[in-house]
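Single-structure report; data block below.
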Amino acid sequence: MIDAARVDNLLSEWFDWKPISGRLESVQRAVRKKELLVAEASSRDVGFIHYVLNEDIIDGGPNAFISAFYFSEAERGRGIGTLLLEKAISDSLARGAVGVETSTIHMRAKQLYEKHHFKQTMGDIGEVFLELDIAEYLQAKKSQEKAQI
């Protein structure tokens, strides 16, 4: 649970909360449910991604929703976020998700998601809703793997 306190500190950094956010119990639940991935650099946590699986009666199966994805400003652009996003997607699919979705108000985040085959599904009122094109994503991963051989 040591990561939980450090993720709580990252939340405070993200939202500029002082003192720390006070969401430690929520973070601990996410850790226990294996719905939180944390990135570490130089023995300190520098980012995280939180995703939850929920039953989606529209899609006819579980859907993963990325509810929070944050990196310290100094760590951006190094590919660590891509690794976390790909791990969250692969874990969600392995756990039976038929869809992976998120929303964001940040253009840079939207661009990162689109780079990884998320498509805007609705929303143009400040918050953008994005859904992973799973077939396109899996085809791109297969092509990447073949290129590495």
Review point. Nearest 10 degrees, 0 to 90: what angle lies between the long axis of helix 134-148 and the longest principal axis of the chain (Cα atoms)?
Key: 90 degrees
Check your understanding: Each residue of the range 59-66 in turn: what ³J(HN,Hα) in whole Hz from Karplus with 6.51, -1.76, 1.60 and θ = phi - 60°, glycine and Pro shown as x?
Key -> 7, x, x, x, 10, 9, 10, 7
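Report the full-extension gain for the segment E25 to E55: residue separation times 0.36 nm, less the Cα-Cα distance, to one decimal in nm.
Working: separation 30, 0.36 × 30 = 10.80 nm, distance 2.35 nm.
Between E25 and E55, full extension yields an extra 8.5 nm.
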Check your understanding: So what's the back-of-envelope 222 nm ellipticity for the chain, counting only DSSP H runs of four-plus at -39500 (n - 2.57) apiece and dividing by all residues, rounded to 500?
Key -> -13000 deg cm²/dmol
**Study point:** the chain - Rg and Dmax from Cα coordinates, angstrom
**Key:** 15.7, 49
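If I compute solvent accessible area with a 1.4 Å probe over the protein chains, what percent of it on the chain is carbon and sulfur? It would help to have the intermediate numbers written out before the result.
Working: 4840 of 8970 Å².
The computed percentage sits at 54.
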Exercise for review: Run down the lysines and flag those whose C-alpha is under 20 Å from the C-alpha of K33, throwing out any fewer than 8 positions away in its chain.
Suggested key: K87
Revision key, fill the gap. In whole Å, largest first, the alpha carbons of the range 78-129 cover along the principal axes 33, 29, 13
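So which GluC sites (Glu not before Pro) in the range 87-145 pass both tests, a DSSP loop state and at most 16 other Cβ atoms within 10 Å of the Cβ? Intermediate values should be presented prior to the final figure.
Working: sites: E101, E114, E127, E131, E136, E145; in loops: E127.
Sites meeting the loop and neighbour criteria: E127.
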Review point. Which whole-number value in Å² is the accessible area per residue of the range 31-149, probe 1.4 Å?
Key: 59 Å²
Review point. Comparing H50, H117, H106, which has the greatest mean-square fluctuation in the GNM of the chain with Cα pairs linked when under 10 Å apart?
Key: H106
Review point. Taking +1 at the Cβ of each Lys and Arg and -1 at the Cβ of each Asp and Glu, which of F118, V31, S43 sits farthest along the dipole of the chain towards its positive end, judged by Cα position relative to the Cα centre?
Key: S43
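The values are calculated or read from the model by the stated rules, or taken from the named source; none is laboratory data. It should be emphasised that the depicted structure is a prediction, and the values quoted were computed from it without experimental measurement. Positions of Cβ are generated from backbone atoms using ideal geometry, with glycine treated the same way; all protein chains shown enter the neighbour counts. Side chains are part of the model used for accessible areas, which takes the heavy atoms of the whole protein and leaves out ligands, DNA and RNA. Shrake-Rupley method; radii C 1.70, N 1.55, O 1.52, S 1.80 Å.
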